[in-house]
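Quick notes on the structure that follows.
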Amino acid sequence: MKRFFILVAAAAVMWSTPVLAEDAQTANMQILIDKVKADKKLLIASNMDLTDQEAKDFWPMYESYQKELGQLNGNLGKLINEYAEAYNKGSVPDDVAKNLIHEALEIEGSEVKMRREHAEKLTKVLPAHKVARYLQMENKIRAAIKYELAANIPLMY
């Protein structure tokens, strides 16, 4: 599990700091994303203790959730890049800051809505304690990513 969080941290750092040439960064990032996804799936599988029927119902929902989460991550990545561009120019103007605030809150709201919708779907095919366990794991992973992002993104000035 520790290895997984190191990979998540590395992905978050790479994602938040565009240092490499864009092509190299994109290729490296895709390799890291694929590795993190595989490790995450293994982590989830090893902790869910699913019956055959539960697994049959769960994994398509998991994949759907990960696809939506990927879209949110893409939006977050764009927001981070917008912030980096504004930050690198010097003091961020208020109109840009307001737009960044709005976008950040929209992304957070979309994530909460998505979690709620998927939790409702999962409770139809899994016992509540397994849904809670899955949501706990997702939450811990997201918290690790957000921690790394927060640690590597400078405060606005």
Can you tally the net charge around residue 127? Count Lys and Arg as +1, Asp and Glu as -1, for every other residue whose Cβ sits under 13 Å from the Cβ of residue 127. 0
Env charge @ residue 75, Cβ radius under 10 Å, K,R +1 / D,E -1, value -2
Extension reserve of the residue 89-residue 136 stretch, reckoned as 0.36 nm per residue once the Cα distance is removed: 13.0 nm
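How much net charge surrounds residue 49 when only other residues with a Cβ under 10 Å from its Cβ are counted (Lys, Arg +1; Asp, Glu -1)?
Net local charge, residue 49 excluded: +1.
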Which loop-located trypsin sites (Lys or Arg not before Pro) does the range 65-157 contain, where loop means any DSSP state but H, G, I, E or B and the Cβ has at most 10 other Cβ atoms within 10 Å? 89, 124
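Throughout, read-outs are computed from the coordinates displayed, never taken from laboratory work. Predicted model, so just to flag it, every value in this text is computed and none were measured. Neighbour counts run over all protein chains shown; Cβ positions are idealised from the backbone, glycine included.
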